[in-house]
Protein chains: 2
Amino acid sequence: MSEIRKDIITGNQVIIASERGKRPHDFKLPTEEKRATSCPFCSGNEQLTPPEAAALRPTQSGPDTPGWQIRVVPNKFAALHPEEEFWEREEGIYSYCSGKGSAEVVVESPDHYSNLGEKGVEDITALLEMIEQRYRTLLLDREIKYVQVFKNFGPTAGASLAHPHWQIMATPMIPDLPRQELTGAAAYYRKYGSCVYCSILAAEKESGERVITANQSFVAFCPYAARYPFESWIVPVSHGSTFGRLTRTELRELACLLRKMIAIFELEFRSPYNLIIHTRALDDRHRDYYHWHIEILPRLTIMAGFELGTGIMINPTAPEVAAGILREKYPDY
Amino acid sequence: MSEIRKDIITGNQVIIASERGKRPHDFKLPTEEKRATSCPFCSGNEQLTPPEAAALRPTQSGPDTPGWQIRVVPNKFAALHPEEEFWEREEGIYSYCSGKGSAEVVVESPDHYSNLGEKGVEDITALLEMIEQRYRTLLLDREIKYVQVFKNFGPTAGASLAHPHWQIMATPMIPDLPRQELTGAAAYYRKYGSCVYCSILAAEKESGERVITANQSFVAFCPYAARYPFESWIVPVSHGSTFGRLTRTELRELACLLRKMIAIFELEFRSPYNLIIHTRALDDRHRDYYHWHIEILPRLTIMAGFELGTGIMINPTAPEVAAGILREKYPDY
């Protein structure tokens with residue numbers, strides 16, 4: 001079983017997933033991708049994963065058999081566990097809580113070599129709907145406080161399997177970074193009476209120098225204090241604090257935007273990246289000033305001693321330069 | 001010129017070092033090490049670096065010539081610049097400051113293939129003295145607020161050159177993580193009337209389960225909320241808030257401890273790591289509750305979407321297990 005420990009100095013939390021109890025030589029740095037024949041996410045290999053939690057498949061096909069279009073399975077190497085009860089304990093001067101939560105994998109496609117950037121908008125819309133549905137389902141557990149949706153692309157960005165997939169992890173507390181965002185957004189709201197993300201959208205649309213593209217529902221831009229080269233945010237135009245309540249139009253417009261962004265990063269730049277959905281923690285207090293959005297963090301640089309010691313990233317590509325290069329890919333905008 | 005931008009939501013800072021203005025395909029992920037013939041840190045290649053800032057060399061030898069034992073040079077690709085004036089500005093809703101600061105490289109040895117783990121305690125003591133001297137020198141600039149000393153080992157931990165070296169970076173503000181440590185340590189001090197690090201040392205020495213080794217002046221242990229597998233801290237027994245004021249005995253005992261730790265991580269585990277000196281920011285207010293120390297962060301896992309989205313690390317090796325494995329290497333303790 002895992003546990004979540006709190007650093008007594010910084011208050012930051014860490015998941016100790018010690019069932020694996022690895023020794024130094026057990027760690028392998030990213031190398032070759034698994035071949036499709038042994039890939040647990042490929043169609044025909046359904047028995048290599050835990051039983052599916054959900055799937056988009058023809059009604060006549062049974063669970064854990066081929067024929068699906070999208071498949072959701074518990075992570076075989078989950079760091080957090082849904083069957084665990086939530087408790088908090090102290091151990092001398094330290095404190096920790098149980099590793100309650102969940103870790104699911106959303107397999108984008110039965111095809112190992114498929115790419116969202118080449119798929120139809122309908123396929124991506126269906127994927128987003130499935131992710132929204134799992135997001136809402138996981139939040140039904142009253143002991144869950146936050147659900148983190150993300151996609152890792154490329155072994156150096158943490159994708160240990162090449163078969164395209166997203167991940168959804170649920171945690172029993174509001175994690176450190178979402179809490180920091182909430183605190184900052186609340187402070188801005190108290191001072192200026194508006195959502196900080198809405199202010200950013202207005203400022204970015206007015207200057208235009210960091211905007212990549214936009215449609216009726218979303219704006220894509222490189223943020224002013226971009227931590228990663230080509231870091232790109234996709235922010236909904238209408239204020240909404242939580243992912244999981246998209247309209248049909250928003251879903252389709254997000255799918256259009258994501259398809260192109262993913263084609264650029266995966267197929268053209270071939271850049272490892274993490275795509276992260278930032279959403280309000282399960283607490284209605286934050287509704288007015290938190291604004292859900294997507295962050296794409298290309299992993300072209302390495303965090304080293306300076307970044308890990310100071311918490312300050314060094315970004316060698318100014319977001320204005322990055323946005324200019326990305327904007328060239330959207331001649332219609 | 002670079003600039004330091006502030007994230008309007010989280011308050012976190014980022015260095016935009018845009019003079020390099022890289023396009024996506026300009027980024028190279030770590031591959032082969034440079035050969036010694038073209039390595040700018042090797043003896044005989046002194047002309048490949050900017051003029052040296054300091055060196056341990058025979059008095060009869062001139063600067064930037066061979067014969068040195070330790071050599072300090074400005075980083076050729078510095079993200080912060082000493083000649084820059086410090087200023088703060090606003091740009092609409094955003095704020096930023098100049099990239100004032102410095103970035104120095106301390107070359108451990110003229111020999112490309114040398115290893116601290118195989119050197120004499122006197123050599124390591126001399127290296128630590130040189131680092132202390134540069135640390136104190138950089139703090140003489142009144143616009144400098146923090147000096148970060150670190151060593152990156154291995155390309156995946158950010159060491160772009162294999163020739164063993166440390167780095168010292170000076171920043172014009174207290175960075176985010178040191179500020180977070182100061183805030184947490186101050187809160188603990190107000191609540192309990194003691195230094196949180198002194199409390200941790202007492203608790204760790206009493207339980208012993210996470211202690212690796214110790215001598216009169218230092219204790220090495222795996223911290224309770226270790227973020228990285230085999231994360232190890234070296235903490236001075238006497239309360240002292242800042243690196244740079246070590247006694248002769250402390251210097252020698254730190255050299256003994258470091259020598260063995262580096263031998264384990266570099267030669268035996270062959271693990272990439274970042275070694276980071278945490279020290280008080282330049283402000284006497286924090287003297288009573290901040291406690292300088294060294295953190296060794298082995299980079300055996302990859303930060304992916306969950307870690308970058310939540311700020312929560314997943315550590316697959318419990319620190320008690322890690323400490324047990326590391327303690328085996330110290331049969332005399």
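The values are calculated or read from the model by the stated rules, or taken from the named source; none is laboratory data. Everything quoted here is computed from the prediction, not taken from an experiment. Note that each Cβ is placed from the backbone with ideal geometry, even for glycine, and that neighbours are counted across all protein chains shown.
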>> Please determine whether any residue of the range B:278-298 is surrounded by 24 or more Cβ atoms within 10 Å (Cβ to Cβ) and charged (D, E, K, R).
In response: yes
>> Condition (residue is within 14 Å of chain B (Cβ to nearest Cβ), more than 17 Å from A:Glu295 (Cα to Cα) and not aromatic (Phe, Trp, Tyr)) applied to the range A:237-257: is it met by at least one residue?
In response: no
> Which residues, taken from the range B:253-295, are more than 15 Å from B:Lys151 (Cα to Cα) and of a type in the set (Asp, Glu)?
Replying inline: B:Glu253, B:Glu268, B:Asp283, B:Asp284, B:Asp288
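Please find, among A:Ile8, A:Ile4, A:Ile15, the residue that is in a loop (DSSP other than H, G, I, E, B), modelled with pLDDT of 90 or more and either among the polar types (S, T, N, Q) or buried (at least 19 other Cβ atoms within 10 Å of the Cβ) (or both). Working first, answer last.
Numbers: A:Ile4 fails: in a loop (DSSP other than H, G, I, E, B); A:Ile15 fails: in a loop (DSSP other than H, G, I, E, B).
Testing whether each residue is in a loop (DSSP other than H, G, I, E, B), modelled with pLDDT of 90 or more and either among the polar types (S, T, N, Q) or buried (at least 19 other Cβ atoms within 10 Å of the Cβ) (or both) leaves just A:Ile8.
Only one residue in A:His81, A:His112 is closer than 14 Å to A:Leu138 by Cα and either in the same structural domain as A:Leu128 (by TED's automatic domain parsing) or touching a residue at least 60 places away in the same chain (Cβ under 8 Å) (or both). Which one?
Checking each option against the conditions leaves just A:His81.
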> How many of the residues making up the range B:127-140 are touching a strand residue (DSSP E or B) at 6+ places or on another chain (Cβ under 7 Å) and more than 16 Å from B:Arg57 (Cα to Cα)?
Replying inline: 3
>> So for the range B:196-216 (the condition being at pLDDT 95 or above, acidic (Asp, Glu) and surrounded by fewer than 19 Cβ atoms within 10 Å (Cβ to Cβ)), does at least one residue qualify?
In response: yes
> So which residues in the range B:66-93 are over 18 Å from B:His165 (Cβ atoms) and touching a helix residue (DSSP H, G or I) at 6+ places or on another chain (Cβ under 6 Å)?
Replying inline: B:Gly92, B:Ile93
> What are the residues in the range B:277-308 that are more than 8 Å from chain A (Cβ to nearest Cβ) and small (Gly, Ala, Ser), if any?
Replying inline: B:Ala281
> Scanning the range B:280-298 for residues that are under 14 Å from the mean Cα position of the chain (by Cα) and modelled with pLDDT of 95 or more, which turns out nearest to A:Pro155 (Cα to Cα)?
Replying inline: B:Pro298
> Out of the range B:194-222, which residues are touching a residue at least 24 places away in the same chain (Cβ under 8 Å), within 12 Å of chain A (Cβ to nearest Cβ) and in contact with a Lys or Arg (Cβ under 7 Å, 6 or more places away or on another chain)?
Replying inline: B:Cys222
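I'm trying to understand the selection: among the residues of the range B:151-193, which are of a type in the set (Ser, Thr, Tyr) and either at the interface with chain A (Cβ under 9 Å from one of its Cβ atoms) or free of Cβ contacts under 8 Å to residues at least 40 places away in the same chain (or both)? Don't jump to the end; show me each part of the working.
Pass one, the range B:151-193, residues of a type in the set (Ser, Thr, Tyr): B:156, B:160, B:171, B:183, B:188-189, B:192.
Selection gives B:Thr156, B:Ser160, B:Thr171, B:Thr183, B:Tyr188, B:Tyr192.
Whether any residue in the range B:116-126 is closer than 20 Å to B:Pro40 by Cα, over 15 Å from the mean Cα position of the chain (by Cα) and either not assigned by TED's automatic domain parsing to the domain that holds B:Ser241 or not in a loop (DSSP other than H, G, I, E, B) (or both) is what I want to check.
As a first pass, look at the range B:116-126 and keep what is closer than 20 Å to B:Pro40 by Cα: B:116.
Filter once more, so that each one left must be over 15 Å from the mean Cα position of the chain (by Cα): B:116.
Among the residues that remain, those that are also either not assigned by TED's automatic domain parsing to the domain that holds B:Ser241 or not in a loop (DSSP other than H, G, I, E, B) (or both) are: B:116.
Yes, the range B:116-126 contains at least one residue that is closer than 20 Å to B:Pro40 by Cα, over 15 Å from the mean Cα position of the chain (by Cα) and either not assigned by TED's automatic domain parsing to the domain that holds B:Ser241 or not in a loop (DSSP other than H, G, I, E, B) (or both).
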> Looking at (1) of a type in the set (A, V, I, L, M); (2) modelled with pLDDT under 95; (3) under 17 Å from B:Pro24 (Cβ atoms), which is the only condition A:Leu246 fails?
Replying inline: (3)
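How about the range A:240-333: which helices (runs of 4 or more DSSP H) wholly inside it have at least 1 residues that are touching a residue at least 12 places away in the same chain (Cβ under 8 Å)?
Values: elements: A:248-262, A:305-310, A:319-327.
The qualifying helices (runs of 4 or more DSSP H) are A:248-262, A:319-327.
Per-residue answers, yes or no, for (1) in the same structural domain as B:Ala186 (by TED's automatic domain parsing); (2) surrounded by fewer than 23 Cβ atoms within 10 Å (Cβ to Cβ); (3) under 20 Å from the mean Cα position of the chain (by Cα); (4) modelled with pLDDT of 95 or more:
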residue: B:Val219; (1), (2), (3), (4): yes, yes, yes, yes
residue: B:Pro223; (1), (2), (3), (4): yes, no, yes, yes
residue: B:Gly240; (1), (2), (3), (4): yes, yes, yes, no
residue: B:Leu251; (1), (2), (3), (4): yes, yes, yes, yes
residue: B:Leu275; (1), (2), (3), (4): yes, no, yes, yes
>> Of everything in the range B:86-109, what is free of Cβ contacts under 8 Å to residues at least 24 places away in the same chain and assigned to a loop (DSSP other than H, G, I, E, B)? Give them in sequence order.
In response: B:Trp87, B:Gly92
> Taking A:Gly311, is it over 22 Å from the mean Cα position of the chain (by Cα) and either facing another protein chain (nearest Cβ under 8 Å) or at positive phi (or both)?
Replying inline: no
> (1) crowded, with 17+ Cβ neighbours inside 10 Å; (2) more than 25 Å from the chain's Cα centre (by Cα); (3) modelled with pLDDT of 90 or more: which one isn't true of A:Pro24, the others all being true?
Replying inline: (3)
